[in-house]
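S.K.: The following block contains the structure, expressed as structure tokens.
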Amino acid sequence: MDMASSLLALPETPRQFGHYVDGAYVPSGDRDVFTRNSPGHDTAVTRISKCTKDDLNGAVASARAAFEDRRWAGLSGADRAAVLLKTAEILRERTEEIAYWETLENGKPIAQARAEVQGCVGMFEYASGLARSLHGDSFNNMGDGAFAVATREPVGVVGVITPWNFPFLILCERVPYILASGNTMVAKPSEVTSATTLLLAEIMTQAGLPDGVFNVVTGAGSTLGQAMIEHMDIDMLSFTGSTGVGRAVVEAAGKSNFKKLGLELGGKNPQVVFADADLEDAADGVAFGIAFNTGQCCVSGSRLIVERSVADKFAQMVSDKLQKAVVGDPLDENTQLGAITTDAQNRTIMGYINKGKEEGATLVSGGEQLDFGHGQYIAPTVFSNVTPDMAIAREEIFGPVLTVLPFDTVEEAITMANDTEYGLAASVWTKNIDKALMISRRVQAGRFWVNTTLAGGPELPIGGMKQSGWGREAGVYGVEEYTQVKSVFIEMGKRDHWIK
Ligand code: NDP
């Protein structure tokens, strides 16, 4: 393909966004504005309002009013499903626009951004079915004089705080499932990647969502995000981000209104490769698992745990693959690894690479910043001779840095896979399906892949064990997570009086 013709142009001027309340954008007015530079080009691409606490209160009040008057919860599941399906249709039509702004703010490759939006279409379509099929339970075993039902009610006003690594995908793994049962929402995207969350709000209004059901506030996590987690009128909060802020969310919920929480936090996910695997496939999968989204992925397979008899050969196979991966301009169709999203994350990743060298691990490949004259890029990196106590083997790096740890026995592989405070995801590569299934039972991870990685769909629940978080998103589990169960006991016939 002709590289020049495959490159999209940068915007001539940054696009201005207000926040979104009651079915409309609120102009920035005299609010401070945050200018976002594309991490791949160092060019200003968006200008986003810095909302105040009053703005947050206004958005929560809008969501509260929309919940209490039942303009959404009071509709039939079929009517809610129609809005979710219409959203999916508009997302299909506006894929290119959403992918473009996602790429500009996040630095991910444009082809990947388009695929992610298509994945989000599936989320809305699948959740529309759940809006119609969600139901409770009935109890006809209470004796002939009584009947009881358990109903699934929406929780109320849901706050959603999302990170910068998958601004649109993570949002869409939550929004349709939250809305399916009748909740209303206030979302706060990461300040550096706010555009596509605002676009979704606009699209949902276009799809017929009643005003006030989906509101968006924009601004920094340390101020606006903190005010959200402390807010007394948010009934439930879904937080995705670092384990450190996750702890602050739990504390704030305890000190405020005991809001229900969903937490999706960090991971240090094992890729267990046996000598009897298809090593060509496994090498490609392991390379994909660490380099996808430049490793800025909570489920990235950052710990390669490989059978010792093939460890050196396999590490070299993965390294060879990674060296062929195309790192470059996110707006180029051919790019496989784009830019690192934030300066801070770039520093964190380079810091870990230096630490790995200092700790005595062997750099097999990568390990350097790539200079394209603009933006921030890091070569996919492989370290061997890693020991389980090294920081690069234990801590979430959130970058394209793979550590190789050899094992000798199946038991040792399982122990090493579980030797982490996290429990988000894991993969095993072997052609022995008995072994794969046995290991799937023993590894503590919310998502487990056999002979693949980073795979799934809107049907499957997402979430972590151990310190990777609480609760599940997506699938039927995701819808149920955003409901609360109520029991209704109905007495029939004449009451047996207590006071005779
Ligand atoms: P944070 O946890 O700080 O950010 C995640 C989200 O939380 C963003 O919307 C952020 O807003 C918001 N936030 C930040 N502080 C608060 C607060 N006190 N109260 C409420 N919300 C808050 O992650 P970072 O961006 O700092 O990344 C640091 C590390 O976290 C990464 O290196 C990685 O290890 C991990 N991480 C994990 C993610 C995952 O998917 N599990 C996603 C992102 C990061 P804003 O960005 O506007 O400040």
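The values are calculated or read from the model by the stated rules, or taken from the named source; none is laboratory data. The structure presented is a predicted model; accordingly, all values stated were derived computationally and were not measured. Note that we place each Cβ from the backbone using ideal geometry, even for glycine, and neighbour counts take in every protein chain shown. The accessibility values were calculated without ligands, DNA or RNA, using every heavy atom of the protein model including side chains. Shrake-Rupley method; radii C 1.70, N 1.55, O 1.52, S 1.80 Å.
S.K.: Among residues belonging to region 238-276 that are among the aromatic types (Phe, Trp, Tyr) and in the same structural domain as residue 174 (by TED's automatic domain parsing), point out the one that is nearest to the ligand (Cβ to nearest atom).
M.R.: Checking each candidate, the answer is 239.
S.K.: Quick one: is residue 222 closer than 24 Å to residue 187 by Cβ, in a helix (DSSP H, G or I) and either modelled with pLDDT of 95 or more or in contact with a strand residue (DSSP E or B) (Cβ under 9 Å, 6 or more places away or on another chain) (or both)?
M.R.: When the stated conditions are applied, residue 222 passes them.
S.K.: Something else: Can you give me the ranges of the helices (runs of 4 or more DSSP H) entirely in region 358-466 with at least 2 residues that are of a type in the set (D, E, K, R) and not assigned by TED's automatic domain parsing to the domain that holds residue 294?
M.R.: In region 358-466, no matching helices (runs of 4 or more DSSP H) lie anywhere.
S.K.: Here is a list of conditions, (1) farther than 23 Å from residue 38 by Cβ; (2) open to solvent by less than 10 Å² (accessible area, probe 1.4 Å); (3) not aromatic (Phe, Trp, Tyr), and residue 78 meets all of them except one; can you say which number that is?
M.R.: Status for residue 78: all satisfied but (2).
S.K.: Within region 467-497, how many residues are among the acidic types (Asp, Glu) and part of a loop (DSSP other than H, G, I, E, B)?
M.R.: Counting residues in region 467-497 that are among the acidic types (Asp, Glu) and part of a loop (DSSP other than H, G, I, E, B) gives 1.
S.K.: Please go through region 224-237 and give me each residue that is near the ligand (Cβ under 8 Å from one of its atoms) and open to solvent by 50 Å² or more (accessible area, probe 1.4 Å), ordered by number.
M.R.: Passing the criteria: only 226.
S.K.: Being in contact with a Leu (Cβ under 8 Å, 6 or more places away or on another chain), open to solvent by less than 40 Å² (accessible area, probe 1.4 Å) and in a helix (DSSP H, G or I) is the filter here; which residues of region 238-276 pass it?
M.R.: 243, 246, 249, 253
S.K.: Could you give me the residue pairs with C-beta distances under 6 Å whose first residue belongs to region 231-243 and is more than 9 Å from residue 259 (Cα to Cα), whose second residue is more than 7 Å from the ligand (Cβ to nearest atom) and open to solvent by 50 Å² or more (accessible area, probe 1.4 Å) wherever it lies, and which are 6+ apart or on separate chains?
M.R.: Once the first residue is more than 9 Å from residue 259 (Cα to Cα) and sits in region 231-243, its partners that are more than 7 Å from the ligand (Cβ to nearest atom) and open to solvent by 50 Å² or more (accessible area, probe 1.4 Å) give 243/467.
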